[in-house]
Structures are given as C-alpha cells and as structure tokens.
1. When residue 36 is evaluated against the numbered criteria (1) surrounded by 11 or more Cβ atoms within 10 Å (Cβ to Cβ); (2) more than 30 Å from residue 137 (Cβ to Cβ), which criterion, by number, is the only one it fails?
2. Looking at this structure, is residue 23 in the same structural domain as residue 6 (by TED's automatic domain parsing) and out of contact with any helix residue (DSSP H, G or I) (no Cβ under 6 Å at 6 or more places or on another chain)?
3. Would you call residue 190 in contact (Cβ under 8 Å) with a residue 12 or more places away in the chain, over 22 Å from residue 118 (Cβ atoms) and either touching a strand residue (DSSP E or B) at 6+ places or on another chain (Cβ under 8 Å) or surrounded by fewer than 17 Cβ atoms within 10 Å (Cβ to Cβ) (or both)?
4. Determine whether residue 164 is over 22 Å from residue 106 (Cβ atoms), in the same structural domain as residue 111 (by TED's automatic domain parsing), touching a helix residue (DSSP H, G or I) at 6+ places or on another chain (Cβ under 6 Å) and at pLDDT 90 or above.
C-alpha cells in the first residue's frame, strides 16, 4: 500500500504539473519566444491527476508528501473545482451578454452568439422601417471585408451572402438580411418621382408612401 501511495503521488503530481504548464505557462512562453506565430491551445488531462493525488493522501505516505498532494490537487487545472469554475464563468459571461442586449440593442453579434442563433431572426441591430427586421452587425466583420462584400452585392448577391457567412459565421438567413439591406437599415433608394420620398431600393417599382406604381 505504501508503494501504491508513492506511485499515485508521482503520477498525480506529474499530471497536475502538466495541466498547470498547459493552462498558464505554455501560451505566454510560446508568445514570448515566437511572437509572430499563431499558437493553438492544447488541452490537459481532466480529473486524472486530481483523482491520483486525492488517492495518495488516503494511502500511507509521508506527511509532507500528503500536504504536497493536497496543494497540487488544488492547483491542478484539470480538477473538478477548476472545471466547475470554468462552467460558472461561461454561464456568467452569457448571462451578462443577455443582460447587455436590453442595454445596447445595436451591439454587434459575436461568433459565439451566432453559433447559438439557430434559424431565427436577429433581435439586435437597426430596425428597418419597411420590413420591420433588425439588420445585424458582426464583431468579426472588418472594414475591409465590409467594403469587399458591399462591392460584391450588385454583381453577385449570393456570393456576397456566402462571403459574409464565411467571414462572420452568421446563419444564411442573417446573411440574406444583411445583404438585402446592404448592412444598414437606413439604406434607401432614389426619391419617388411622384412624392419625393425615398424608395425602398434602387430597383423598386412602387413607392411605399404614395403607392405610385410604374411596373
């Protein structure tokens, strides 16, 4: 039993230190050594090190090692306490985003929000007075990508939608809404020749204000 306790301590300590390195040390170290490279995140081993260290404290080993096992178990980022903390943090972050919706109705959508959007309609963004639809904005849509997609709309609207989906990760319906409104609910066409009010788009054949029709 004594040998099993030392084996459990040695393996558990190794796994715990590996998890600490991967979680807190590896990323900053690689960014410091090679700042121009992209470094992927590497996951550790959940629960294994924690379970071995707790088992070691229950077996007959030296008291200093038992204390060290408890300390390493607390520091092990693969332990259940760290996993629970991550889940609570994610829940709190998402809760904060939901609360922010009512405070900032025009806040751009993040990629994580878009993954949860499903097939519904956007609930944030400027509201088009014509179709009563919110025109969403996107965190990951850069100014260069925005100009490129806007230039593509007249030539290939379906291609513009595909580009927007690829850049932002938005659902197809949202891409269609954005492209139809050219990314801005305030987009209007030329003035109506009868009443002078702006038409819904450049290709409109009927005025929504005076109902003039020139089909």
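The values are calculated or read from the model by the stated rules, or taken from the named source; none is laboratory data. Quick caveat: nothing in here was measured; it's all calculated off a predicted structure. Cβ atoms come from the backbone with ideal geometry, glycine included; neighbour counts cover every protein chain shown.
1. (1) is the only condition that residue 36 fails.
2. Yes.
3. When the stated conditions are applied, residue 190 passes them.
4. Spelling it out, it is not the case that residue 164 is over 22 Å from residue 106 (Cβ atoms), in the same structural domain as residue 111 (by TED's automatic domain parsing), touching a helix residue (DSSP H, G or I) at 6+ places or on another chain (Cβ under 6 Å) and at pLDDT 90 or above.
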